[in-house]
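The values are calculated or read from the model by the stated rules, or taken from the named source; none is laboratory data. None of these values were measured; they are calculated from a predicted model. Virtual Cβ from ideal backbone geometry, glycine too; neighbours counted across all protein chains shown.
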Amino acid sequence: MAAARTLFAERGFASTTTAGVARLAGVSEGIVFHQFGSKAELLVAVAADYGRGLADAMFAAAPPRGQPPSADAMLRAAFAYVREHGALARLLKIGHDPSDTHGARQASRSEIVAALARGLAIWSAAGQLRPLDPDVTAELLFGLVEAALIECFVHGDGRREEDYLRETVCCVEGAVRALPPREN
């Protein structure tokens, strides 16, 4: 996985070969095919691992169970993760042939959305967030945060990270916070 992650990030999907991955990993190419089936499935596995890593980083920054979530802390962790693993993030967003990376993008997205939905369900049930549909809200928040990360690190050079982070935090907090009681 580490060898594939390195080569996909450095060379892209089209220029990475399973032979190159095997050589860098110090294993036979047959082992790569035995474990993953194909180069496309290897990319899917790498992308799912990336998604789990990003979700783990976000939830490691979350307050202990029983306390309200911190959009700022969790998003800072997400931005830091993408900053540190940016080459793979660019690969998953921009491929020469979109069909090459579609399954990988979906695998990464699924890992992150599932983790968000679990967290949102817990926080909403505990009354720490407004009542919400955790699955729909997770999908929408993923779209918002993904767009901010792509603009900041893929289309931009990361220099406006604090600006993107600040605005993303405001949007997320506005989306999940309980509304104050309405006055009649």
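Across segment 56-79, the qualifying residues are those that are in contact with a Gly (Cβ under 9 Å, 6 or more places away or on another chain) and among the aliphatic types (A, V, I, L, M), and the one among them that is surrounded by the fewest Cβ atoms within 10 Å (Cβ to Cβ) is ALA62.
Mind checking whether some residue in segment 122-139 is of a type in the set (Asp, Glu), outside any helix (DSSP H, G or I), exposed (fewer than 15 other Cβ atoms within 10 Å of the Cβ) and free of Cβ contacts under 8 Å to residues at least 60 places away in the same chain? Looking for residues that are of a type in the set (Asp, Glu), outside any helix (DSSP H, G or I), exposed (fewer than 15 other Cβ atoms within 10 Å of the Cβ) and free of Cβ contacts under 8 Å to residues at least 60 places away in the same chain, one finds at least one in segment 122-139, hence yes. Residues in segment 32-75 that are in contact with a Lys or Arg (Cβ under 8 Å, 6 or more places away or on another chain) and not acidic (Asp, Glu): VAL46, ALA47, TYR50, GLY51, ALA61. Among the criteria (1) under 30 Å from ALA121 (Cα atoms); (2) part of a helix (DSSP H, G or I); (3) among the hydrophobic types (A, V, I, L, M, F, W, C), the one PHE33 does not fulfil is (1).
For segment 80-116, residues that are modelled with pLDDT under 70 and either crowded, with 20+ Cβ neighbours inside 10 Å or in a helix (DSSP H, G or I) (or both) total 7.
Residues checked against (1) free of Cβ contacts under 8 Å to residues at least 24 places away in the same chain; (2) closer than 19 Å to ALA148 by Cβ:
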site	(1), (2)
VAL46	no, no
ASP49	no, no
GLY53	no, yes
ALA60	yes, no
PRO63	yes, no
PRO69	no, yes
ASP72	no, yes
ALA77	yes, yes
VAL82	no, yes
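The residue list GLY30, GLY26 contains one member that is without any contact (Cβ under 8 Å) to a residue 40 or more places away in the chain, at positive phi and exposed (fewer than 15 other Cβ atoms within 10 Å of the Cβ), which is GLY26. Only one entry of GLY174, GLY86, GLY143 meets the criterion of being under 29 Å from LEU42 (Cα atoms) and without any contact (Cβ under 8 Å) to a residue 24 or more places away in the chain, and that entry is GLY143.
Could you list, in sequence order, the residues of segment 141-166 that are out of contact with any helix residue (DSSP H, G or I) (no Cβ under 7 Å at 6 or more places or on another chain), modelled with pLDDT of 90 or more, surrounded by fewer than 18 Cβ atoms within 10 Å (Cβ to Cβ) and assigned to a helix (DSSP H, G or I)? Matches in segment 141-166: GLY143, ALA147, GLU162, ASP163, ARG166. Scanning segment 33-44 for residues that are in contact (Cβ under 8 Å) with a residue 60 or more places away in the chain, within 13 Å of THR16 (Cβ to Cβ) and touching a helix residue (DSSP H, G or I) at 6+ places or on another chain (Cβ under 6 Å) yields one hit, LEU43.
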